[in-house]
Structures are given as structure tokens and as C-alpha cells.
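For reference, the structure discussed in these notes is given below.
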């Protein structure tokens, strides 16, 4: 019997499950702790989901529904309200309305996604009033037509921050501004202009939130201009902390799965194998955060290696890949064999804007690849070629990626 | 719950209290009473032990004085550990520790369930609890006793107990006494992710200085580690704001005490205000002829001392003429367990609403129907732990808001 258990029923988990069934795996179970499977897109009202994987443009909820339908049609067992609450590295302890059970599997795929760092994790001082959200929470409140606020400040200026802007505007909330510590926003070139012109939302660059004030409800936010040291106050009743993603890696840690210090997700090779034989990781638990369709393609890609593991039971040795500052992470972050990664590229992130950086990849003093990228934007992945992984000495030391 | 909800949540033996004070006596008595009451009332509690660590010669030299003080307080179980033994016990401790005192009976207790259990038991046994009701004036009645004017109704009473915490001095003045002033002392604390919990087994205390007991690192009953508190006298009694300077200071201290801790995510920051006064002891005075008991100036040890304080005040009021008859069939309480020290409801299965803290729908529904139901998200948080975890509502915030909005009233 080959049972594959996939933890997390978002785009990555469902796409992986569907592909596994297509490849003939007899029992594929997706455990999702939410009331409905589908993952984060369920709450994203805007269009544009599904371009890379389904070749069509859908709203987030329609995209999520489509994947659940495809999973049902493929014979995947999707179990909502089933949360994995314990994992020793062997059997999964599953908690659901039916009670508690131990579930064993021939292969496990972690697809638990990622979340935004909330205010406390960013150590923003001040009082603790209501009205402080992440985009994830904001979008759920908006979708369920629950109260949000009247005047909102958005913290961050990456893709998801503009998504938060749209959600706020559509919910009738006045957006008083966006702030980012960087010199410019991190989204597509037109996003800043569109925000300024269409929604009259000023973007304050080189600015950070110094404190939040308010009793009961947010009343005022202290902003600090990083270059001048000047402080100013903004009156608002809502603050939305956007982006700054962190993989939901707690289950991986509980199961003893090695993490990459850069991504803080499980360390994976190009086939999405973790360090633990039989355990794979796909989607945004690996690195926060890629768009939903990229996560889905990663899930689908992972299925091939899962099927191979079920047939052959091989688990290749691997060499670690790590990044030097200002680079923050590369994904995949281990090299095990010469198979290509998903979308035939490696993803690279940096903590700062880099214009025409020269990237060098070295192992034991030997340059495996070097080249110049057009630019790297913090919070967005730059693509690197993968073919150099074929030149890696599998018995050699760790590989280092640096920018100059 | 008052300021207790933001307590460091330690169960104090009182080993370091000033010998001979009322505080020393009531903390010791409170420890005994709460240790017995907590398990039956469903209050998470555990005597996990504390290590008071010296980081330099001066701190090491303070040990004999601390041991002598503990003995004077009737606490003999304190003992010195050498450096090797200390690092065997706590291998993750930062380098440079010189030695430690072990206080095996120090513990941790739930700062939410404790006051809530008292309130619930009081209400179930006939006490009227008026929330959102501020005292605006106190007038003495001609026949003895008081008229207590509030933002709600006026209450006529023969006996009056002032347990107004940070505002105990203001109420004391309304009654006509002026023997102490509360200066709130701010304490900022950082709560670290549950993944940090295996780093530490004991409470790690600092050697106290004149003004503060220093920064400690402690496990919580919820399975986190906390780092704090700061100690800063401030003006306003409602200023529970954290500060950039305070958080930076705590992080420096944390880096020194338990370096690995700083590599973990922060789950929450909270701020407590201690009801400090110009006096070194609790300000508990029974004005027998008036029928007025002032129970003020209770600092962070008050959570531990609470039942000792209550017993003391009751005894004194009885001596002052208050007649009490034991209830023939008192109702006892059994609070829902929100700690990690004993089994949680989700372990039997259920609809898990809050994933980070593993709170089930049944728990939330039960709390919404409880004798003292929450009126807002904060109240629901402290009764169930919803929204208190690492995601701070990213996943379940809207679901929880909807459950509160649709609650039966």
C-alpha cells in the first residue's frame, strides 16, 4: 500500500495531490486544518490567479474552488478541519471533529504555507489597541463583511501591500498612506503611481513605524523618517502590517526536519526532498512567499519525486547551498542530483535593492557559476540558472552564493 | 483581572521578600493556599523551580545575604549550585555565569485564570459583579458605613474593601485617608515563540538590586518563554505602552542570559504596571471602627499572595465586627484548562479554531456562555488563548471576530 499524506490544502498541496493521483498513486490524502481547503487564495478577492498553472485568470476564491474540484475529480481524499497536532517524524497525530488518530504514510509532503509577521514579531512598541492587522486577517475580515476601520495606514510596499490597499479601498476604508524603510516600493513599476493617482495614497519611503498609540482602538501612529531622524504622527484607527513572510515551519521543526537558516523553511533539493527520507516540502512553507500559481507548480513538480521515492526508495545525499549578505536566501538550497528545479530556475532574494549585482556561486574555492543579474528587489525573487548544479562535487563542501 | 493579567506570572515562595514585612508573611501564606486551590479550580500552576544566577563577583558575594534572608523568611530549601551543576541543568545559558542559588519551590501560574476563577467563584456564590463601573465618590453614612457612588448606581454598604490596585490610593483618598501614593512601575515583557520552550527548564532569576529584581527568563504555563520585566516609574496609570528603549534593553539582556532565545520569533509583547508606593511593604490597613479595609500597594507578588491577603483581610474584618456565616453548600469552580501543564480539550479531538494555540470551537462557545462572559476580543483571548499565538490572528482572526459578534447575549 502506498499512502501519501499531504499536510496543507492550499495550491501547492492540492496541485501535488492531483498530480500524484495522475501518476497512479493509490491513496492520496490532503489534511487541511481550515474549515475549507483552498488555502490563502480563498480570501483574495482580486483577479489574476491561475495564469502560470491553469492558463486562465481567476479570482482567488474561484481559483481555490477550482483546485478543490480538480482534486475531487482526481480522487484525492481532501479532509478539511483535520489538523496535524503532533509528529514524531513517524506517524502523524491528526486532530479533527472525529477525534484523534495516528496516520502513517509512505511519503509526507509538507505544504503548510507561510504567514506574515504580525506587529509583535516586528517589535513595534506602543500600546496594544484593536485595529492592528496583517493582510491575511484584513482580507478575511473584508470577505466576511466584518468591521475593519475608517482610516488605515499600510506598513510595507511590496506586492501584497498593494493587495491590502485594494482590499481597504473596496471595503470603503480611507487609506492615509503606505510606509516602507526602503528607498522605493518593491512591487511592479506602475504600482506606486497607480496607488498615488487612483487612490491618492501617498507612499513614504525610508520611513518606519516607531510606535502605535491608542486605548481600545488605534488612534495614532508615530512615524520615523530614517534619513532625517524626523518624527511625525499620523492619525488613523487601523494599521495593516503586510508581507515580511515567514514559513509556517512549526510542524517541520516538530518532526525534526532540518530548516534552511535563510528561508526558515525546510531545506530542499531541486526535487523538493527534505533531509528526512520520505518527507517532501512544497509551496510557501519552503520560502515565503511566491504567488499561488508558482506554489501550485512547485506542488505539481514535487509529485514526480514522490512517485519516484514510492517506486525506488532512494534518498540521495546532498550538498548545502547558502547565501552571504546582503543575499538572504536561495531556493532550492541543497543540491542532490542533476534534475532541474521547478520552472527550471533557482530563486534568489536579497535584503536590499541591488542594481546589476554580480552573483558568484562557489564550492571549495571553485567557481560554479558567475553572472550579472539585472536587479534584485527585496521581497521579490530573482531567477538564477540551475545548470551549474551539474558541476557540483557531491562529496565536496557547502556551496556559497555571494553578490558583488 | 486588573493589572494581574500582565503579571510576570511567577508563583513566588517569598524567599527574597524583606523579612518581617506583611508582604513576606502573606506571600508565604498565599503560596500555600494557591498551591492547594489552583489544581481543584483548574488554574494552571507548576513549581518548576528557579535558579538565581550570579554573573559577576559582586552578585556572587550577595548570595550569603540572600540565603540568610530566605532562612529568615522560613524558607530553608534554597541551596547553592556550582557553575558546572548550573550549566548541566541549563546548558543553553549564556557564558560567564559564576554560580547560582536554586529555589526549587518557585513556580509559574496562569495570570488570567487565577483572578477569573476567584471572580467566577464569587459570582456563583452570590456576589454581584458590576463591570465597567467606576467609583466616583464615597460618602460616609450617618449610621456608619458608606454610600459608594459610581458611574452606575450608588451602593450603600456597612463595610468597604479597597482592592482598587493601581487606583487604590485614589479610592483611599475618596474615603478620607491619605497615607500612600501609587506610582506605577512599568514592566515590559517579551513572549517568545513556543519553539523556544525547550531552551530552558527552570525560571532563571537575576540577583536583585535596590530598585528591581532584574530581568528574568521563565517558561510560562502556556508553553512559551518570557523575557522581562523592565522597571521604570511612570506618571500615568493607564500607560501600558511598550517602548523602543525597553525592548532593546530586554533583547540585550536576553542575548546575555540565553543567547539562543533571540534567534526565535517573538509572539507578543506586553506591559504590566506594578502598584508601587513610597513604602516598601503592602499598604493593607483595616480601619476597624469605620468598617473600611484598604488593600493597596500590592505589587507583582500579589498574584501569589492573593489568597493570603484575602484570608488576612477577612480575619481582620471579622475582628472588626463583620459577621460571616459559612455558606452551607458553597459552589466550587472548575475553570477550563488553558495551560499546557495538563491535557487540553483539543487532545480529545474537536474543531480547532485557533491553530497556534489549539483552541477548539467548543471551548470558545463554552466561554461565551460562562458566568462572566467576555465582552471583547481581549476578554476572549484571556479566557481561551485565542489570538495569543504566533500568527496573532493571521489565520483565525476573522473567524474569532465573527464568533464574538454572533455570541448569544
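The values are calculated or read from the model by the stated rules, or taken from the named source; none is laboratory data. Quick caveat: nothing in here was measured; it's all calculated off a predicted structure. Because the Cβ atoms are built from the backbone with ideal geometry, glycine has one as well, and the counts that use them run over all protein chains shown.
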**Message:** Give me the residue from the stretch B:320-371 that is part of a helix (DSSP H, G or I) and in contact with a strand residue (DSSP E or B) (Cβ under 8 Å, 6 or more places away or on another chain) and, out of that set, farthest from residue A:7 (Cα to Cα).
**Reply:** B:364
**Item:** Flag for residue A:186 being more than 9 Å from chain B (Cβ to nearest Cβ), at negative phi and crowded, with 21+ Cβ neighbours inside 10 Å
**Value:** yes
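Per-residue answers, yes or no, for (1) free of Cβ contacts under 8 Å to residues at least 60 places away in the same chain; (2) not in a loop (DSSP other than H, G, I, E, B):
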residue	(1), (2)
B:117	no, yes
B:136	yes, yes
B:144	no, no
B:155	yes, yes
**Request:** Could you check how many residues of the stretch A:63-91 are more than 14 Å from every other protein chain (Cβ to nearest Cβ) and either in contact (Cβ under 8 Å) with a residue 24 or more places away in the chain or surrounded by fewer than 17 Cβ atoms within 10 Å (Cβ to Cβ) (or both)?
**Result:** 19
**Request:** Kindly indicate the residue of the stretch B:193-213 that is surrounded by fewer than 18 Cβ atoms within 10 Å (Cβ to Cβ) and closer than 30 Å to residue B:389 by Cβ and also nearest to the chain's Cα centre (by Cα) among those meeting that condition.
**Result:** B:212
**Prompt:** Just a yes or no: is a residue in the stretch B:229-237 within 14 Å of chain A (Cβ to nearest Cβ), touching a helix residue (DSSP H, G or I) at 6+ places or on another chain (Cβ under 9 Å) and either under 30 Å from residue A:249 (Cβ atoms) or free of Cβ contacts under 8 Å to residues at least 24 places away in the same chain (or both)?
**Reply:** no
**Request:** Could you look through the stretch B:392-409, keep only residues that are part of a loop (DSSP other than H, G, I, E, B) and within 12 Å of another protein chain (Cβ to nearest Cβ), and pick out the one that is farthest from residue A:114 (Cα to Cα)?
**Result:** B:406
**Fill in**
Going through the stretch B:293-307 in order, the residues found to be farther than 17 Å from residue B:28 by Cα and either under 9 Å from the mean Cα position of the chain (by Cα) or buried (at least 24 other Cβ atoms within 10 Å of the Cβ) (or both) are B:294, B:296, B:297
**Complete:** Within the stretch B:359-409, the residues that are free of Cβ contacts under 8 Å to residues at least 40 places away in the same chain and under 22 Å from the mean Cα position of the chain (by Cα) are B:367, B:373, B:374, B:376, B:377, B:378, B:379, B:380, B:381, B:386, B:387
**Request:** Determine whether the stretch A:132-139 contains at least one residue that is surrounded by fewer than 24 Cβ atoms within 10 Å (Cβ to Cβ), more than 28 Å from residue A:281 (Cα to Cα) and at pLDDT 95 or above.
**Result:** no
**Item:** Whichever residue in the stretch A:26-74 is touching a strand residue (DSSP E or B) at 6+ places or on another chain (Cβ under 6 Å) and part of a helix (DSSP H, G or I) and, among such residues, is farthest from residue A:13 (Cα to Cα)
**Value:** A:60
**Asked** Among the listed residues B:146, B:112, which satisfies the condition of being surrounded by 19 or more Cβ atoms within 10 Å (Cβ to Cβ) and over 23 Å from the mean Cα position of the chain (by Cα)?
**Response** B:146
**Prompt:** Do you know which of the residues in the stretch A:381-398 that are surrounded by 17 or more Cβ atoms within 10 Å (Cβ to Cβ) and under 23 Å from residue A:184 (Cα atoms) is nearest to the chain's Cα centre (by Cα)?
**Reply:** A:381
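Across the stretch B:248-259, what is the total count of residues that are free of Cβ contacts under 8 Å to residues at least 60 places away in the same chain, within 19 Å of residue B:51 (Cα to Cα) and loosely packed, with under 15 Cβ neighbours inside 10 Å? So that I can check it myself, show each step before the final result.
First pass over the stretch B:248-259, keeping only residues free of Cβ contacts under 8 Å to residues at least 60 places away in the same chain: B:248-249, B:252-253.
Among the residues that remain, those that are also within 19 Å of residue B:51 (Cα to Cα) are: B:253.
Imposing the further condition that a residue be loosely packed, with under 15 Cβ neighbours inside 10 Å reduces the set to none.
Selection size over the stretch B:248-259: 0.
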**Item:** Selected residue (only one of B:253, B:265, B:278 is out of contact with any helix residue (DSSP H, G or I) (no Cβ under 8 Å at 6 or more places or on another chain) and closer than 22 Å to residue B:197 by Cβ)
**Value:** B:253
**Complete:** Restricting attention to the stretch A:324-356, the residues that are over 23 Å from residue A:293 (Cα atoms) and in contact with a helix residue (DSSP H, G or I) (Cβ under 6 Å, 6 or more places away or on another chain) number exactly 2
**Message:** Take the conditions assigned to a strand (DSSP E or B) and more than 14 Å from chain B (Cβ to nearest Cβ) and apply them to residue A:94. Does it pass?
**Reply:** no
**Request:** Would you tally the residues in the stretch B:162-192 being surrounded by fewer than 20 Cβ atoms within 10 Å (Cβ to Cβ) and closer than 24 Å to residue A:247 by Cα?
**Result:** 0
**Prompt:** Could you say which residue among B:278, B:232, B:265 is at pLDDT below 95 and over 21 Å from residue B:51 (Cα atoms)?
**Reply:** B:232
**Asked** Pick from the stretch A:97-122 the residues that are in a strand (DSSP E or B) and facing chain B (nearest Cβ under 7 Å): which of them is surrounded by the fewest Cβ atoms within 10 Å (Cβ to Cβ)?
**Response** A:99
**Request:** Only one of these is part of a loop (DSSP other than H, G, I, E, B), buried (at least 24 other Cβ atoms within 10 Å of the Cβ) and in contact with a helix residue (DSSP H, G or I) (Cβ under 8 Å, 6 or more places away or on another chain): A:270, A:289. Name it.
**Result:** A:289
**Fill in**
When the stretch B:248-276 is checked residue by residue, the ones that are part of a loop (DSSP other than H, G, I, E, B) and out of contact with any strand residue (DSSP E or B) (no Cβ under 6 Å at 6 or more places or on another chain) are B:265
**Asked** How many residues are within 8 Å of another protein chain (Cβ to nearest Cβ), free of Cβ contacts under 8 Å to residues at least 60 places away in the same chain and not in a loop (DSSP other than H, G, I, E, B) if we restrict to the stretch B:238-247?
**Response** 3
**Fill in**
Within the stretch A:317-339, residues being surrounded by 16 or more Cβ atoms within 10 Å (Cβ to Cβ) and outside any strand (DSSP E or B) number 7
**Request:** Quickly run through the stretch B:374-391 and pick out the residues that are closer than 16 Å to residue B:402 by Cβ and either more than 13 Å from chain A (Cβ to nearest Cβ) or in contact with a helix residue (DSSP H, G or I) (Cβ under 7 Å, 6 or more places away or on another chain) (or both).
**Result:** B:374, B:377, B:380, B:384, B:386, B:387
**Request:** Determine, yes or no, whether residue B:223 is surrounded by fewer than 19 Cβ atoms within 10 Å (Cβ to Cβ), at positive phi and free of Cβ contacts under 8 Å to residues at least 24 places away in the same chain.
**Result:** no
**Fill in**
Here, helices (runs of 4 or more DSSP H) confined to the stretch B:12-85 with at least 3 residues that are farther than 26 Å from residue B:257 by Cα, in contact with a helix residue (DSSP H, G or I) (Cβ under 9 Å, 6 or more places away or on another chain) and touching a residue at least 60 places away in the same chain (Cβ under 8 Å) are B:22-41
